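Read the structure below first, then the notes.
The values are calculated or read from the model by the stated rules, or taken from the named source; none is laboratory data. Since this is a predicted model, take the numbers as computed values, not measurements. Cβ sites come from the backbone with ideal geometry, for glycine too, and all protein chains shown count toward neighbours.
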């Protein structure tokens, strides 16, 4: 009996030692803040931070940062004063604070404690502070800047979120907390409509899931989504006013190709600059996603139904990731934009989102036709949505073509482009 008890205690200790930190274990909301100017060449010079929204003594602050495998934030970075001023000023607007706030930061002298504050004139001041004063910690954020095609599996950056019956381990990079490859639907049979994932599970969300079957690649077990977020609340119900707007991205590809893991549309830049939660989804494509027959059974729109299932999952779980389920905007490019238009007309999607952005509507085809570059046709591709032309959703809608299409995702738009021997200046 004693041996069994000891083995159980050992197992619990191993689980405690190896489990990732979470807002619950830290007893604090986590905010990842970084000054992202979209200049990837100097991105590593801008030190991000993790703000723990709980007041603690200096020693407890050091311990809390240590649980994240970080230290208190260094004040020695080349852009510290400029960055901290912007980050803390913005954070104050989000919390509604009008009084000067102080935060624990690193001190090079082990015999003294230091805190940073913003003065009424907006200057950042680092000064000595009583080590027993309860202040909020600013932890370092050492997750490196990497191209979004690289997934860092370093366990030092893991973080855990609990939602309903799910325990999900994700990671962080230089720009955001990232949870990749989360299943949003139960395993589904061919030509059947997906149902929201309802299992009790401990999930690893460290790698993208496979793309849905297309041409010579992909998998039928592909209904996953990715979440990029700047904020993880300890208790979403108590932090309702601080939850972020959600933007759900639907990839393009003519309903025959594409994937949510496309590095061009990685959510990190949009999250860090827009203070939103970004969700990107996979959905079934081609014949498996859109085959419609007249047999009364194979009715089509399976891929569109997957998108609705993903929206249902978001309504159920996104608050645990810092997102506000009452402020969900759907947007997409190419076939993703077509999906948005279809969802606006779908009764099953009604109430699952409050805004829609269609950045590449029908005018794109007209423009391609006008300049003679429509390309080859695919007359046998099974990729068409079944519609009844009835408008349903009453939400805020934006149609158009963005001036710098994709720049929020891929970086600063170039000022000039060289084509052959000619240089084109972009105004």
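Report, ordered by the first and then the second residue, all pairs with beta carbons closer than 9 Å, sequence separation of six or more or different chains, a first member in the stretch 295-308 that is more than 22 Å from residue 331 (Cβ to Cβ), and a second member that is outside any loop (DSSP other than H, G, I, E, B). Close Cβ pairs satisfying both conditions: 298/292; 299/292; 300/289; 300/290; 300/292. For the stretch 208-236, residues that are buried (at least 19 other Cβ atoms within 10 Å of the Cβ), under 24 Å from residue 26 (Cα atoms) and more than 13 Å from the chain's Cα centre (by Cα) total 2. Condition (residue is part of a loop (DSSP other than H, G, I, E, B) and modelled with pLDDT under 90) applied to the stretch 5-18: is it met by at least one residue? No, the stretch 5-18 contains no residue that is part of a loop (DSSP other than H, G, I, E, B) and modelled with pLDDT under 90. Apart from one condition, residue 142 fits all of (1) at pLDDT below 90; (2) out of contact with any strand residue (DSSP E or B) (no Cβ under 8 Å at 6 or more places or on another chain); the exception is (1).
Within the stretch 108-130, being touching a residue at least 12 places away in the same chain (Cβ under 8 Å) and part of a strand (DSSP E or B) holds for 113, 114, 115, 116, 117, 118, 124, 126, 127, 128, 129. Is it true that some residue in the stretch 193-207 is surrounded by fewer than 17 Cβ atoms within 10 Å (Cβ to Cβ), in contact (Cβ under 8 Å) with a residue 12 or more places away in the chain and within 15 Å of the chain's Cα centre (by Cα)? The answer is yes, given that some residue of the stretch 193-207 is surrounded by fewer than 17 Cβ atoms within 10 Å (Cβ to Cβ), in contact (Cβ under 8 Å) with a residue 12 or more places away in the chain and within 15 Å of the chain's Cα centre (by Cα). One residue alone among 100, 78 is part of a loop (DSSP other than H, G, I, E, B) and touching a strand residue (DSSP E or B) at 6+ places or on another chain (Cβ under 6 Å), and that residue is 100. Note on the stretch 115-135: residues that are at pLDDT 85 or above, closer than 21 Å to residue 28 by Cβ and buried (at least 19 other Cβ atoms within 10 Å of the Cβ) amount to 4.
Is it fair to say residue 261 is within 21 Å of residue 227 (Cα to Cα), out of contact with any helix residue (DSSP H, G or I) (no Cβ under 9 Å at 6 or more places or on another chain), in the same structural domain as residue 205 (by TED's automatic domain parsing) and surrounded by 22 or more Cβ atoms within 10 Å (Cβ to Cβ)?
It is true that residue 261 is within 21 Å of residue 227 (Cα to Cα), out of contact with any helix residue (DSSP H, G or I) (no Cβ under 9 Å at 6 or more places or on another chain), in the same structural domain as residue 205 (by TED's automatic domain parsing) and surrounded by 22 or more Cβ atoms within 10 Å (Cβ to Cβ).
When residues in the stretch 344-386 are screened for being modelled with pLDDT of 75 or more, touching a strand residue (DSSP E or B) at 6+ places or on another chain (Cβ under 8 Å) and under 14 Å from residue 397 (Cβ atoms), 8 of them pass. Restricted to the stretch 302-343, and to residues that are in a loop (DSSP other than H, G, I, E, B) and modelled with pLDDT under 95, which residue is surrounded by the fewest Cβ atoms within 10 Å (Cβ to Cβ)? Only one residue fits best here, namely 334. Examine the stretch 78-88 for a residue that is without any contact (Cβ under 8 Å) to a residue 12 or more places away in the chain, surrounded by fewer than 16 Cβ atoms within 10 Å (Cβ to Cβ) and closer than 19 Å to residue 141 by Cα, and state whether such a residue exists. Checking the stretch 78-88: not a single residue is without any contact (Cβ under 8 Å) to a residue 12 or more places away in the chain, surrounded by fewer than 16 Cβ atoms within 10 Å (Cβ to Cβ) and closer than 19 Å to residue 141 by Cα.
Within the stretch 237-257, the set of residues being crowded, with 19+ Cβ neighbours inside 10 Å and at pLDDT 95 or above comprises 243, 244, 246, 247, 248, 249, 250, 251.
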